[in-house]
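The values are calculated or read from the model by the stated rules, or taken from the named source; none is laboratory data. Since we're looking at a predicted model, the values are computed, not measured. Positions of Cβ are backbone-derived with ideal geometry, glycine not excepted, and every protein chain shown enters the neighbour counts. Please note that ligands, DNA and RNA were not included when accessible areas were found on the heavy atoms of the full protein model with its side chains. Shrake-Rupley method; radii C 1.70, N 1.55, O 1.52, S 1.80 Å.
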Amino acid sequence: MCFGGLVAMEIARRLTARGEQVGFLGFLDTYPHPRFWPPWVRFDYLVLRRIRETWTALRTAPRGTLAAQVAARAAALRRKLAAAANARQPTEAANARSSVVNMPAGLPPAVKAVFEGGVSALEGYQPRPYPGKVSYLMCGYHTYLPHGPAAVWRRLVGSLEVQCGPRSYDPDGPTNAEYVAHWLSERITDAPAPAPAERRGASNAGRVNYSPSSAASV
């Protein structure tokens, strides 16, 4: 989950509110914290998805391992509930609350601190409506929501363009980095040119002019 997209959205929203023109706002797998999702989307992801995954895992488990699978999943559930209820373990509680951000094991202390700060910022930031267009690139080999980003973002942005990246690595095709670079290049090239300063209205008088590109992207 890319928190940088939320930072870019807030920048674009504030620039627009000041009368500036935002030529391009791009998201790369960006979602707000689940508590700001529509209730039906949150329930689908946090409850129904887990039920489906558990059922699939148990149904396809090799014969003779079913009891061990059930015991392992029950233990994981108990650990998650205990972490969420234990106020003396803020990091584990934060991970339990966020549900979509899991800290990788073995992080150096400095990186771990940055990660925890990002989780805290994600939990506290509530996106406000942005009237402009958002171009959204989904990671092709995983998706966070069965209904896609439109389920979360359609009520928060003026318009939403969604594209899905490659679902698997193709040795004869572009790398993921090349694909993203090409996607960004196309949209920045096609972004509307900024309006001349004299056409922006008297409300901008006396304000500092930003760079003509005025593009907020991840």
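Go through segment 5-29 and give me each residue that's assigned to a strand (DSSP E or B), open to solvent by less than 20 Å² (accessible area, probe 1.4 Å) and either closer than 15 Å to residue 156 by Cα or in contact with a Phe, Trp or Tyr (Cβ under 9 Å, 6 or more places away or on another chain) (or both).
25, 26, 27, listed by residue number.
Taking segment 30-44 only, how many residues are under 17 Å from residue 124 (Cβ atoms) and either open to solvent by less than 40 Å² (accessible area, probe 1.4 Å) or part of a loop (DSSP other than H, G, I, E, B) (or both)?
Residues flagged as under 17 Å from residue 124 (Cβ atoms) and either open to solvent by less than 40 Å² (accessible area, probe 1.4 Å) or part of a loop (DSSP other than H, G, I, E, B) (or both) within segment 30-44 amount to 6.
Checking the structure you have, find out if any residue of segment 164-180 is modelled with pLDDT of 90 or more, open to solvent by 40 Å² or more (accessible area, probe 1.4 Å) and under 21 Å from the mean Cα position of the chain (by Cα).
No, every residue in segment 164-180 fails to be modelled with pLDDT of 90 or more, open to solvent by 40 Å² or more (accessible area, probe 1.4 Å) and under 21 Å from the mean Cα position of the chain (by Cα).
Give me the residue from segment 138-157 that is more than 13 Å from residue 29 (Cα to Cα) and open to solvent by 50 Å² or more (accessible area, probe 1.4 Å) and, out of that set, modelled with the lowest pLDDT.
146
Just to be sure, is residue 47 within 21 Å of the chain's Cα centre (by Cα), more than 18 Å from residue 149 (Cβ to Cβ) and not in a helix (DSSP H, G or I)?
no
Among the numbered criteria (1) at pLDDT below 70; (2) closer than 16 Å to residue 28 by Cβ; (3) touching a helix residue (DSSP H, G or I) at 6+ places or on another chain (Cβ under 7 Å), which single criterion is violated by residue 122?
(1)
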